[in-house]
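The values are calculated or read from the model by the stated rules, or taken from the named source; none is laboratory data. In this text, all values refer to a predicted model and were calculated from it rather than measured experimentally. Cβ coordinates were reconstructed from backbone atoms using ideal geometry, including for glycine residues, and neighbour counts include every protein chain displayed. Note: areas computed on protein heavy atoms with side chains; ligands, DNA, RNA excluded. Shrake-Rupley method; radii C 1.70, N 1.55, O 1.52, S 1.80 Å.
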Amino acid sequence: MPELPEVETVRQGLQCHVVGRTIEAVSVLHPRAVRRQPAGPAEFSSALAGRSLDSARRRGKYLWMSVGEDALLAHLGMSGQLLVGEPDRPISPHVRIRFTFSDSGPDLRFTDQRTFGHMCVVRDGAELPAPIAHIAPDPFEPAFDADVLARRLRGRRTGIKRALLDQSLVSGIGNIYADEALWRARLHWARPTETLNGPEVSRLLEAVRQIFVEALAVGGTSFDSLYVNVNGESGYFDRSLAVYGREGQECRACGTPIRRDPFMNRSSYSCPRCQPRPRRARL
Ligand SMILES: [Zn+2]
């Protein structure tokens, strides 16, 4: 599933290849892709035809392009891709929406094999689309305030990993990056948030930022081509993972075998020595 670095890579691609161009026509090839559009596919297409895409923005895992005062909002779901390419290339069976442009240049295709992703037009949503206004800023937005987050974390009375995954506190962090950031900050995932001190919170936020920057740098290498691409199975950061998916393998810092614990129907990976379990754990 795409996490923030992958979605940011797509945003940069859209900014580069699509922003500043005028949409000629929009074909919705599968109505499920616009299921959040109140009046359906016809409304979606007519709201965009003839208008120009002004900027590509992101909050957490949501992307939007401003279209005048409105927004074209996208969530990639599990397997969504936004692909830019020559307009006469064959249309794959997984293409859900196709945008052509009045300059007759490369088109934009939303493909989504598993159809969990979607797009919709949000009126007056250019600055921040209403459907995602409840989502907290992610660590790369100008609106992100580390002091506010630190205060809210300490007031939460939950486990630190659960808090990191709560999109109303901070957005864009998924299971993989949460485990990696906690390992780097030497914090156990079940540490009660109210027991974190200021330096520990700063260390954790710095670790989150570092990991995103590193993942973005790797995501950027495959990005010279015309194609704007998120691969749902995306594994390009795998080689750098320190704990996630490494049960029983040696900790890269101390050599202790990495431990896996069940967590919210998924798993948490940690080093028992670098990240000692707190006496009073909050799961
Ligand atoms: Zn260790």
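Side notes on the structure shown:
- Degrees separating the helix 175-184 axis from the principal Cα axis of the chain, which is the longest one: 40
- Only helices enter the 222 nm calculation for the chain: every DSSP H run of n ≥ 4 contributes -39,500 (n - 2.57), and dividing by all residues gives -7500 deg cm²/dmol, rounded to 500.
- Sorting 98-104, 143-149 by their mean Cβ neighbour count within 10 Å, with the most densely packed peptide first, gives 98-104, 143-149.
- Taking the Cα atoms of the chain, the ratio Rg/Rh between the radius of gyration and the Kirkwood radius comes to 1.02.
- Estimated at the nearest 10 Å², the accessible area of Trp183 is 30 Å² with a 1.4 Å probe.
- Given charges at beta-carbon only (K, R positive; D, E negative), |dipole| of the chain in Debye: 1620
- Prolate/oblate/rounded call for the range 12-83, Cα gyration tensor, a/c under 1.5 rounded: oblate
- Cα-based shape type of the range 1-120, given that a ≥ b ≥ c are square roots of the gyration tensor eigenvalues and the cut on a/c is 1.5: rounded
- The chain - accessible surface per residue (Å², probe 1.4 Å): 45
- The range 105-222 shape via C-alpha gyration tensor axes, a/c threshold 1.5: prolate
- Label-to-label distance for Ala39 and Ala253 is 5.6 nm, based on points extended 7 Å past Cα in the beta-carbon direction.
- Expressed as a whole percent, the accessible surface of the chain that belongs to carbon and sulfur atoms is 49, based on a 1.4 Å probe.
- The candidates Val213, Val170, arranged from most to least accessible area with a 1.4 Å probe in the full protein assembly, appear as Val213, Val170.
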